[in-house]
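Worksheet: the structure to be examined is printed underneath.
The values are calculated or read from the model by the stated rules, or taken from the named source; none is laboratory data. Since the structure is predicted, the reported quantities are computational estimates derived from the model, not experimental observations. Here the Cβ is made from the backbone with ideal geometry for all residues, glycine too, and neighbour counts use every protein chain on show. Heads up: the accessible areas ignore ligands, DNA and RNA and are worked out on the full protein's heavy atoms, side chains in. Shrake-Rupley method; radii C 1.70, N 1.55, O 1.52, S 1.80 Å.
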Amino acid sequence: MSRAAKVSTRLDTALGWSTDRNAWLSRGVRILLCVLAVLLFTGPLITVFSGAFDVNRDPTQFSVIPHHPTTINFEEGSHKNIWGYFANSLFIAGGALLLQLLVSVFAAYAMARKKFRGQAIILLLILTTMMLPEEVIAIPLSLIVGDLPVVHWNLRGTLLGVILPLGAWGFSIFVMTEFMREIPVELEEAAKVDGAGELRIFARIILPLCRPALAVIAVFGFNMIWDQYLLPRIVANDPSDYTLTVALADLRSDFEVGPGIVLAGALLALLPSLLVYLSLQKSFLRGITTGAVKG
C-alpha cells in the first residue's frame with residue numbers, strides 16, 4: 001500500500017486512528033468508547049426495566065438486575081388506573097397519528113404538485129406554527145376546545161379534544177412537501193397519457209414512492225403525540241381522562257406510590273415508541289438517508 005493510500009485510510013477512520021493490524025491501542029480505545037456509549041444510553045433503560053420488575057421501596061437505590069423478580073408493581077399500578085391511562089394514550093396516539101398522516105399527505109400533495117397563488121405564504125404560515133411554544137397557545141387552545149368554532153361543541157373531558165389539535169403538524173407537512181417535490185413530474189405525465197386519473201396517480205404512484213417519508217413522519221409524529229403533556233391537562237375534566245405521560249407526573253408526586261409503580265408506568269410509556277420505531281426502522285432509515293442525500 002502506498003503512502004498516500006495509508007494516509008487516506010487513516011483520515012477515513014474515526015478520529016483519524018489507524019486500522020492496521022498492529023494498531024492495537026487505537027482499536028482498544030475505540031472498543032472502550034463503544035462500550036461506554038452503550039452503557040451510557042442503555043443503562044437508564046435497563047434500570048427502568050429492572051425496577052419495574054423488582055420490589056424496591058427506596059427511591060435512591062436501583063439495580064441493573066432485579067433482586068426479587070415480580071409483577072407486583074403492575075398489579076399495584078392497576079389500582080392506580082395505570083392501565084386506563086395507558087389505554088387513553090394508545091387511543092389518542094393511534095387516532096391523532098392517523099389523522100396527522102392524512103392531513104400531511106393531502107396538504108403536501110397540494111403544496112408540492114399544484115401551483116396556486118400564495119403558496120409560499122401558506123407554507124411559511126405552516127412553518128410558523130412550529131416556532132410557537134405550547135405555553136403561548138395554551139389559553140387560546142383551551143377556549144377553542146371548550147367551544148369548538150362553527151359547531152359549538154364542548155370537547156373538554158373527551159379524547160377527541162386531544163386528537164383534533166394534534167391532527168396537523170407543521171413538521172410532517174414540511175417533510176412530505178419536500179419529499180414529494182423530488183418525485184419526477186414525468187411519472188405523472190406518463191400516467192396521464194395512459195389514461196390514469198389524478199386520484200389513481202396519487203394512490204398508485206405518489207404514495208408508494210413516499211413510503212420512506214411516511215415512515216419518518218410516523219415515527220416523529222407518534223413520539224410527539226405520545227409525549228404530549230400540556231394538551232391532555234387542558235382538555236381533561238377528571239384525572240381519569242389523563243394520558244400515561246400526565247399520570248406519571250402525578251404518580252411521582254404521590255408519597256403513597258412507590259418507585260416500582262412509577263417505573264412500571266415508565267416501562268409501559270417506553271414500549272410503544274420503541275415498537276413503532278422497530279416496526280418502521282428500515283423505511284425510517286431510508287427516509288432519513290434520502291433526505292440527507294437530497295439536502
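As a rough guide to protection, the peptides 147-157, 256-266 ranked by mean Cβ packing within 10 Å, highest first, stand as 256-266, 147-157. 3J(HN,Hα) couplings calculated from phi for segment 93-104 with the Karplus curve 6.51 cos²θ - 1.76 cosθ + 1.60 (θ = phi - 60°) are, in sequence order, 5, x, x, 5, 5, 4, 5, 5, 5, 5, 5, 5 Hz; Gly and Pro show x. The order of the peptides 232-241, 209-218, 121-130, 89-98 by mean Cβ neighbours within 10 Å, most packed first, is 209-218, 89-98, 232-241, 121-130. When you filter the trypsin sites (Lys or Arg not before Pro) in segment 79-134 for DSSP loop state and at most 16 other Cβ atoms inside 10 Å of their Cβ, you are left with Lys114, Lys115, Arg117. Here the accessible area of the chain is 67 percent carbon and sulfur, with a 1.4 angstrom probe and all protein chains present. For segment 230-244, putting each phi into the Karplus relation 6.51 cos²θ - 1.76 cosθ + 1.60 with θ = phi - 60° gives couplings of 6, 4, x, 5, 5, 7, 5, 9, 9, x, 5, 8, 5, 8, 5 Hz, in residue order, rounded to whole numbers and with x for Gly and Pro.
What number, in percent, do you get for the relative contact order of segment 171-295 if the mean sequence gap of Cα pairs under 8 Å and at least 6 apart is divided by its residue count?
Relative contact order here is 32 percent.
Below 29 Å Cα-Cα, how many Lys pairs turn up in the chain? Only count pairs eight or more apart in sequence, or on different chains, if you could. Taking the chain as the scope, the lysine pair count is 6. Plugging the Kirkwood radius over Cα pairs into Stokes-Einstein for segment 149-295, at a temperature of 4 °C and a viscosity of 1.567 mPa s, what D comes out in µm²/s? Roughly 70 µm²/s, to the nearest whole number.
Per residue, how large is the accessible surface of the chain? Use a 1.4 angstrom probe and give square angstrom.
On the way: 17990 Å² over 295 residues.
Accessible area per residue: 61 Å².
Scanning residues 5 or more positions from Asp54 or on other chains, those with amide H under 5 Å from its amide H are Thr70, with H placed 1.01 Å from N in the peptide plane. With all pairs of separate Cα atoms included, segment 222-295 yields a Kirkwood hydrodynamic radius of 14.6 Å. One decimal place: the segment Glu186-Thr70 gains 35.7 nm when fully extended, by the rule 0.36 nm per residue minus the C-alpha distance.
Loop only per DSSP, at most 15 neighbouring Cβ atoms within 10 Å: give me the GluC sites (Glu not before Pro) in segment 178-207, ordered by residue number.
Values: sites: Glu178, Glu182, Glu186, Glu188, Glu189, Glu198; in loops: Glu182.
Those that pass, being in a loop and sparsely packed, are Glu182.
Taking amide H positions as modeled 1.01 Å from N, with prolines and chain starts lacking one, no residue 5 or more places away or on another chain lies under 5 Å from Thr243.
Per residue Cα convex hull volume for the chain, in cubic angstrom?
On the way: hull volume 64.8 nm³, N = 295.
About 220 Å³ per residue, rounded to a whole number.
Between rounded, prolate and oblate, where does segment 49-139 land on the alpha carbon gyration tensor, with a ≥ b ≥ c its root eigenvalues, rounded for a/c under 1.5, else prolate if a/b exceeds b/c? Walk me through the numbers on the way to the answer.
On the way: a/c = 3.44, a/b = 2.89, b/c = 1.19.
The shape class here is prolate.
Each residue of segment 272-282 was assigned a 3J(HN,Hα) from its phi angle through the Karplus expression (A = 6.51, B = -1.76, C = 1.60, θ = phi - 60°), giving x, 4, 5, 5, 5, 5, 5, 6, 10, 4, 5 Hz with x at Gly and Pro.
What order do Asp250, Asp54 take when sorted by accessible area (1.4 Å probe), most exposed first?
These residues rank, largest area first, as Asp250, Asp54.
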